[in-house]
Every structure is written in C-alpha cells, then in structure tokens.
Amino acid sequence: MQEKSKSTILIGILICLIIIALKPVPSFNNNVPDPSFVSESVVQLAENRIAIVETETNSGLSGEVIVLEFNEDKKTFEPIGRYNYLDFFRNPEKYNF
C-alpha cells in the first residue's frame with residue numbers, strides 16, 4: 001500500500017513537471033513604443049523651413065512646435081524658434097496679435 005501511494009505521488013510530480021516544462025514562455029512588454037505610432041508631425045512651412053509638432057499628450061512636450069530652417073552652406077537644419085501652441089490657447093492675453 002505504501003509503495004502504491006509513493007508511486008502515485010511521484011507520477012503526480014512528474015505530470016506537474018511536464019506541464020511546467022510545456023507551458024508557453026511569457027512575453028514581457030518592455031514599453032517599447034509601436035513604430036507605427038508617431039507622436040510628432042513634421043510640417044513644411046516654406047521651401048527651406050519645417051516645423052516639428054509634438055502631439056503626444058503624455059510626453060511633457062505636448063503642444064511644442066520647433067521651427068527649423070535649412071542652412072544651405074552647412075547642409076543642416078538649424079532651430080530658429082520654439083513655441084507652445086497650447087499655451088497660446090490657454091493664455092491668449094500673453095500674445096499681442
């Protein structure tokens with residue numbers, strides 16, 4: 001009787017180990033953003049001027065617009081201004097238009 005209960009327990013342990021071994025590997029979400037989701041937009045303002053608009057609401061830069069101008073000599077974009085359009089809508093009295 002005692003031999004039968006030992007073998008039953010050992011068979012149960014073996015079945016549990018097989019189940020654990022065949023269990024699928026968990027996938028971890030490492031908070032890498034989806035590459036199809038872009039949180040900024042690039043807008044061409046003139047032939048040599050672009051604006052980068054941050055549209056992600058939780059980025060800390062929401063509403064930021066960075067204006068860049070292409071320098072023909074250096075072949076690079078140089079920042080010429082940084083603005084916050086959300087600030088304009090929240091505090092229009094600061095701006096004299």
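Name the residues in segment 3-14 that are open to solvent by less than 90 Å² (accessible area, probe 1.4 Å) and either of a type in the set (Val, Ile, Thr) or not in a helix (DSSP H, G or I) (or both), would you? First the steps, then the outcome.
Residues of segment 3-14 open to solvent by less than 90 Å² (accessible area, probe 1.4 Å): 5, 7-8, 12-13.
Residues satisfying the conditions are Thr8, Ile13.
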Query raised in the report: If a residue has to be open to solvent by 70 Å² or more (accessible area, probe 1.4 Å), in contact with a strand residue (DSSP E or B) (Cβ under 6 Å, 6 or more places away or on another chain) and at pLDDT 90 or above to count, how many in segment 71-97 make the cut?
Result: 3
Query raised in the report: Tally time: how many residues in segment 78-88 are more than 26 Å from the chain's Cα centre (by Cα) and either more than 19 Å from Leu45 (Cβ to Cβ) or acidic (Asp, Glu) (or both)?
Result: 0
Requested in this report: Return the pairs, sorted by first residue and then second, in which the second residue is of a type outside the set (A, V, I, L, M, F, W, C) and surrounded by 14 or more Cβ atoms within 10 Å (Cβ to Cβ), the first residue lies in segment 75-88 and is under 10 Å from Gly63 (Cα atoms), the beta carbons are less than 8 Å apart, and the residues are 6+ apart or on different chains.
Outcome: Tyr83/Glu64; Asn84/Gly63; Asn84/Glu64; Tyr85/Gly63; Leu86/Ser62; Leu86/Gly63; Asp87/Gly63
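The values are calculated or read from the model by the stated rules, or taken from the named source; none is laboratory data. The shown structure was predicted, so the numbers you read here are calculated from the model rather than taken from an experiment. Neighbour counts run over all protein chains shown; Cβ positions are idealised from the backbone, glycine included. Only protein heavy atoms, including side chains, enter the accessible area calculation; ligands, DNA and RNA are left aside. Shrake-Rupley method; radii C 1.70, N 1.55, O 1.52, S 1.80 Å.
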